[in-house]
Amino acid sequence: MSAEAVVTSGIATTLELSTPIVFGGLGGVLSERSGVLNIALEGMLLIGAFGYFAGAAATGSVFGGLAVAVASATASALLLAWLAVHAGADQVIAGMAVNLLASGLTDFLYQAIYGFAGTPPVPGMGAVGIPLLDRIPVVGASLFEQSLLTYVAFLAVPAVSFWLFRTRAGLHVLAVGERPEAADAAGLGVFKIRYLAVLASGVACGLGGAFILTQVNSFSSDMTAGVGYIALAAVIFGNWRPRGVLVAALLFGAFEALQSILQSLGLSVPYDLFLAVPYLVTIVAVSGFVGRVRAPQADGIPYVRN
Amino acid sequence: MSVEPEAHVLGGESQVAPGGLSTGATPTTRGERRALVALVRRGAIGTGGTRLVQSAIAVVVAFALGAVALAANGISPWAAYAALASGSLGGAQSLASTAVQTAPLLVASLAVGISFRAGVFNIGAGGQLGVGALSAALVGGYVHLGSGIELVAMAAASLLGGALWAAVPGLLKAYTGASEVITTLMLTYVAANLIDYAVTGPAKAPGAINQTPQLSGPALLPTLVANTQLTAAILVGLVLVPVVWLLLFRTTYGFRLRMVGLNPGAATAAGFSVRRVGVSVLALSGALAGLAGMLEVAGVLGSVPQNMSLQVGYTAIVVALLGNNAPAGILLASAFLGALTAGSTTMQSAVGVSGPFVVFLEGIMIGSVVGMPALVRAWSRRRRGAARKAGAR
């Protein structure tokens with residue numbers, strides 16, 4: 001491979017691998033900033049992926065796929081919200097419930113619906129080039145010839161960041177996630193805001209799941225393969241900030257891309273150990289060995305109104 | 001100091017985790033009894049009886065919703081459930097396969113239950129199980145000792161491997177405050193990658209398949225019933241049930257462990273080191289989970305394969321919650337979920353859906369268990385409201 005080809009494919013692969021992490025991570029930030037711990041990202045991404053498959057197969061259109069992906073992932077988020085916000089259930093267990101449900105239900109439905117008939121072809125989402133920018137030498141084609149969803153993911157980062165830290169509604173979310181009693185006393189609807197924040201994480205995961213599916217255009221059991229947990233890692237490593245999530249996602253993505261490039265160059269690398277790195281750096285980050293990460297103060301605590 | 005996301009989930013007594021606490025046996029001291037009564041009154045925990053009812057309702061809810069899901073896809077729920085029952089209970093082979101599925105699940109669930117009792121969220125039992133399985137497979141595959149000693153050495157390796165894997169989150173929590181929820185979860189994926197690295201590289205057996213060397217002879221658990229997969233693994237699990245019960249309810253250590261889970265503040269005031277208990281509980285929980293891995297590898301699999309399923313770690317959470325974190329309850333619940341898993345193979349040939357459907361049921365069960373208190377509260381509020389209205393009239 002020429003040096004140029006290495007750079008091009010490195011950038012393209014990095015962006016591809018980062019996209020679902022960004023979607024999941026933004027969902028995680030929104031939900032956790034409101035005080036709802038979200039370990040259900042994995043399950044919601046999986047439901048999003050299946051939703052795209054089922055929707056696109058039934059309607060034969062990308063739009064149908066996206067709509068069902070977002071709707072179904074949001075429905076699973078509604079379940080998480082009900083358990084975590086309304087029922088005041090332990091949020092770790094609630095998240096596990098959604099993950100198990102997602103893993104079982106998607107695979108069951110796949111078997112039940114397509115097991116006998118075989119899988120229909122689903123319309124995918126090809127790369128969309130951005131005029132002029134994609135002609136930039138070396139990096140143009142890899143940066144600006146991406147799936148539409150990749151652009152959406154990366155543009156969503158500054159948008160969510162601005163919304164969360166610079167708008168009234170965003171600050172309400174932060175208030176509810178830090179001091180729910182104070183927010184309640186000030187007249188904010190803690191339950192409503194948390195519900196909406198968790199639902200928003202469902203929307204993000206729906207898009208992320210759709211992206212994962214359109215990478216291969218067919219569904220397979222547990223196809224998200226831990227991306228949701230890497231997204232959770234990105235939330236923590238990124239210090240519960242959208243920009244931090246972006247940096248973490250690019251880092252994790254680049255690392256995996258590097259590994260595949262090294263492999264394609266014929267260098268023997270312990271592939272599996274490379275894959276463990278995002279999880280390890282997250283453990284280091286929550287332990288406070290490097291830098292400092294700080295969770296929203298009320299993250300994971302059900303709010304009980306006295 | 002870093003602040004971790006959810007250490008406080010189990011912190012103060014006002015944030016008692018519904019799944020994390022409760023006792024199945026008689027409280028040992030008056031103070032403890034009083035604390036328990038207060039918790040029960042507040043609805044933070046249920047008594048053994050109400051929890052049994054809750055678990056039973058959760059199972060019914062799961063089967064009912066499962067039936068709806070089946071029917072919606074044109075599959076007869078009756079045929080599916082009949083296949084599930086005959087594949088798990090109908091005949092000696094089916095019962096044996098239920099016991100085979102139950103053994104590692106039972107041990108892993110005891111591991112999870114112990115940690116929940118202490119208010120520690122070990123949700124990474126799957127990773128510890130994987131490391132235990134790998135340790136046992138390495139000893140069994142490369143170190144050849146006489147019969148009997150071989151299995152003891154493998155068990156010791158798995159206990160140690162699991163304990164060390166879980167001690168890391170324990171120490172991190174004790175000394176840096178890192179939440180064990182995140183660290184045990186992340187370490188599960190590290191374990192999965194470590195296993196894949198080992199079985200494709202340094203510990204790969206000769207031949208085309210990516211796995212550790214096939215265990216044989218003295219490294220395999222003895223078969224109990226000829227022509228079945230039923231091995232002594234189930235006996236190990238059954239022995240551990242009373243052992244864990246004695247540990248929890250008849251030893252000082254068990255008392256400390258439960259005290260820390262019920263009320264860390266009071267435990268500290270009483271002079272127990274919450275930190276030390278936390279680390280030791282995770283190590284103990286990890287050791288048991290590791291042993292579950294050994295049972296799986298020496299009892300069923302015969303070697304550690306690539307992409308080894310660590311799903312048992314999550315199923316164990318469902319079992320611990322359904323079984324109210326009590327050894328007897330865990331025995332019942334693991335036999336039940338073991339039966340479902342065993343029966344799913346028959347269901348596959350009968351109606352074409354299998355394992356995933358059981359995972360779906362598990363998801364509903366765990367959701368119902370944690371969601372039910374809220375439904376009950378809402379229902380009793382409505383009833384009280386109706387009673388008030390009737391009284392006003």
Of the conditions (1) closer than 23 Å to B:Ala167 by Cβ; (2) within 14 Å of chain A (Cβ to nearest Cβ); (3) open to solvent by 30 Å² or more (accessible area, probe 1.4 Å); (4) of a type in the set (D, E, K, R), the single one that B:Glu180 does not satisfy is (3)
Going through the range B:192-238 in order, the residues found to be within 14 Å of another protein chain (Cβ to nearest Cβ), touching a residue at least 40 places away in the same chain (Cβ under 8 Å) and part of a loop (DSSP other than H, G, I, E, B) are B:Ala203, B:Asn210
| task | Considering every residue within the range A:237-255, establish whether at least one is modelled with pLDDT of 85 or more, part of a helix (DSSP H, G or I) and over 30 Å from A:Ala5 (Cα atoms). | result | yes
Expected single match for within 15 Å of A:Leu101 (Cα to Cα) and either in contact (Cβ under 8 Å) with a residue 12 or more places away in the chain or open to solvent by less than 40 Å² (accessible area, probe 1.4 Å) (or both) among B:Gly367, B:Gly299 is B:Gly367
Checked the range B:304-325 for anything more than 24 Å from B:Gly119 (Cα to Cα) and either under 12 Å from the mean Cα position of the chain (by Cα) or crowded, with 22+ Cβ neighbours inside 10 Å (or both); matches are B:Val304, B:Met308
By residue number, the members of the range B:225-241 that are surrounded by 13 or more Cβ atoms within 10 Å (Cβ to Cβ) and either at pLDDT 90 or above or charged (D, E, K, R) (or both) are B:Leu230, B:Thr231, B:Ala232, B:Ala233, B:Ile234, B:Leu235, B:Val236, B:Gly237, B:Leu238, B:Leu240, B:Val241
Residue set A:Ile283, A:Ile301; condition open to solvent by less than 30 Å² (accessible area, probe 1.4 Å) and either acidic (Asp, Glu) or at the interface with chain B (Cβ under 9 Å from one of its Cβ atoms) (or both); output residue A:Ile283
Practice prompt. Please tell me if A:Ala127 is farther than 18 Å from A:Ile212 by Cβ and open to solvent by 50 Å² or more (accessible area, probe 1.4 Å).
Written response: no
Reported set for the range A:212-236 where residues are closer than 18 Å to A:Pro278 by Cβ and part of a helix (DSSP H, G or I) is A:Ile212, A:Val227, A:Gly228, A:Tyr229, A:Ile230, A:Ala231, A:Leu232, A:Ala233, A:Ala234, A:Val235, A:Ile236
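A quick yes/no check of all residues on (1) open to solvent by 10 Å² or more (accessible area, probe 1.4 Å); (2) within 11 Å of another protein chain (Cβ to nearest Cβ); (3) modelled with pLDDT under 95:
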| residue | (1), (2), (3) |
| --- | --- |
| A:Gly35 | no, yes, yes |
| A:Leu41 | no, no, no |
| A:Gln91 | no, yes, yes |
| A:Ser103 | yes, yes, yes |
Subset of the range B:132-153, residues among the small types (Gly, Ala, Ser) and surrounded by fewer than 20 Cβ atoms within 10 Å (Cβ to Cβ), comes to B:Gly146, B:Ser147, B:Gly148, B:Ala153
Checked the range B:110-138 for anything more than 14 Å from every other protein chain (Cβ to nearest Cβ) and part of a helix (DSSP H, G or I); matches are B:Leu110, B:Ala111, B:Ile114, B:Arg117, B:Gln128, B:Leu129, B:Gly132, B:Ala133, B:Ser135, B:Ala136, B:Ala137, B:Leu138
The condition from (1) surrounded by 24 or more Cβ atoms within 10 Å (Cβ to Cβ); (2) modelled with pLDDT of 95 or more; (3) at the interface with another protein chain (Cβ under 8 Å from one of its Cβ atoms) that B:Ala166 misses is numbered (3)
From the option list B:Leu105, B:Leu172, single residue qualifying as without any contact (Cβ under 8 Å) to a residue 24 or more places away in the chain and buried (at least 24 other Cβ atoms within 10 Å of the Cβ) is B:Leu172
Inset, instruction - Determine if the range A:117-130 includes at least one residue that is over 30 Å from A:Glu145 (Cα atoms) and of a type in the set (A, V, I, L, M, F, W, C). - result: yes
> Does the range B:249-260 include one or more residues that are open to solvent by 30 Å² or more (accessible area, probe 1.4 Å), among the β-branched types (Val, Ile, Thr) and assigned to a loop (DSSP other than H, G, I, E, B)?
Replying inline: yes
I'd like to know if the range B:356-364 contains one or more residues that are in a helix (DSSP H, G or I), more than 10 Å from chain A (Cβ to nearest Cβ), under 27 Å from B:Ala79 (Cα atoms) and open to solvent by 20 Å² or more (accessible area, probe 1.4 Å). no
Within the range B:73-84, residues being within 18 Å of B:Val359 (Cα to Cα) and either assigned to a loop (DSSP other than H, G, I, E, B) or within 13 Å of chain A (Cβ to nearest Cβ) (or both) number 4
- request: Report yes if B:Ala156 is in a helix (DSSP H, G or I), of a type outside the set (Ser, Thr, Tyr) and open to solvent by less than 30 Å² (accessible area, probe 1.4 Å), otherwise no.
  value: no
Exception for A:Ala81 within (1) more than 7 Å from chain B (Cβ to nearest Cβ); (2) of a type in the set (Gly, Ala, Ser); (3) over 20 Å from B:Ala62 (Cα atoms) falls at (3)
Subset of the range B:73-126, residues of a type in the set (Val, Ile, Thr) and within 14 Å of B:Ser344 (Cα to Cα), comes to B:Thr98, B:Val100, B:Thr102
Scanning the range A:257-266 residue by residue, those at pLDDT below 85 and touching a helix residue (DSSP H, G or I) at 6+ places or on another chain (Cβ under 9 Å) turn out to be A:Gln259, A:Ser260, A:Ile261, A:Leu262, A:Gln263, A:Ser264, A:Leu265
I'd like to check something: does the range A:184-200 contain any residue that is under 26 Å from A:Phe53 (Cα atoms), more than 14 Å from chain B (Cβ to nearest Cβ) and open to solvent by less than 20 Å² (accessible area, probe 1.4 Å)?
yes
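The values are calculated or read from the model by the stated rules, or taken from the named source; none is laboratory data. These numbers come from a predicted model, not from an experiment. Because the Cβ atoms are built from the backbone with ideal geometry, glycine has one as well, and the counts that use them run over all protein chains shown. Just so you know, the surface numbers come from the protein's heavy atoms only, side chains and all, with ligands and any DNA or RNA stripped out. Shrake-Rupley method; radii C 1.70, N 1.55, O 1.52, S 1.80 Å.
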